[in-house]
Amino acid sequence: MGNMLIAENVTKAFEGLVAVNSVNIKVKENTFTMLIGPNGCGKTTLINCCTGILKPTSGRVFFGDIDITGWKPHEIYQVGFVRSFQIPLPFIGLTVIDNVLGAMRNPGESPLLAPSVSRWADVEEKNMAHAMDILAKVGLEKHWDLPSSSLGAAQLKMLEVAKGLSSGAKLIALDEPIGGVDPASAHEILSHVSKLKDEGLTFLVVEHRIDIAAPFADYIYAMELGSLISEGTPDEVLNDPKVIEVYLGKGVEQC
């Protein structure tokens, strides 16, 4: 099993504040890897450095064997590394399926080819079938024709995953995928993610509710004050004295 993502000595400083301090992580292919830590410890900043939203002050980021350090977000997206945000960002004026279709290429979008329906109708039909298949994988197939604005919190989280799948993503970074949803919906979201992992997708998940998410994880990295303090299997990390000390008094569900 190879490495899908490698962050090598990644540091991000904002003037005098070092938000991420020489962090090394490896995300293996076909795994559910978690990144945990208290608010403000640098988790999202690290993800932003890996996905091109921020440029690392120092260090390197590799996607497979490609050095993507300093690449722009759309360039990283095009090679198959997609991310979601804490607050879902659907195209609220579009239906659920149109949100998914938006990431798929169709020659009919070209002004030159649009009048020639015969040149793109087959592609559109295939895209529709593929989009419906994706929606079924995330439990949204019954909502395909509804406006995305009508979806609940958990459904919007899964729509973000569906949009990533429609782009042909190989690795999806999920930023708090179960934040703001009830426990039953959280388990449903993570069950869908786990099934997608079994089908060959790779996930890097930032999550605070580790009591719910940890059982789904293959490997966990723990951060505090911009640095890694522990890594290993869920049992190893959650029983690490350093991790327990950081979260002492907060409760594991607050991590």
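In table form, for the structure just shown:
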| read-out | value |
| --- | --- |
| Contact order relative to length of the chain, as percent, for alpha carbon pairs under 8 angstrom and 6 or more apart | 26 percent |
| Residue with peak Gaussian network fluctuation, the chain [Cα springs, cutoff 10 Å], from Thr202, Thr69, Thr33 | Thr69 |
| Burial ordering of Phe63, Phe203, fewest other beta-carbon atoms within 10 Å first | Phe63, Phe203 |
| Inter-part distance where the stretch 1-70 and the stretch 129-176 are each reduced to a Cα centre, Å | 25 Å |
| Using θ = phi - 60° and Karplus 6.51 cos²θ - 1.76 cosθ + 1.60, couplings along the stretch 88-99 (whole Hz; Gly, Pro as x) | x, 10, x, 7, 5, x, 10, 6, 4, 5, 5, 4 |
| Pairs from Lys26/Lys126; Lys43/Lys170; Lys43/Lys142; Lys26/Lys197; Lys43/Lys195; Lys12/Lys197 whose Cα-Cα separation, in the structure shown, is over 28 Å | Lys26/Lys126; Lys43/Lys142; Lys12/Lys197 |
| The chain: angle of helix 121-137 to the longest principal axis, Cα-based, in degrees nearest 10 | 40 degrees |
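Every number in this text was worked out from the coordinates using simple rules, so none of it is lab data. Nothing here was measured: the structure is a model prediction, and the numbers come from that model. Glycine also receives a Cβ, built like all others from the backbone with ideal geometry; neighbour counts cover every protein chain displayed.
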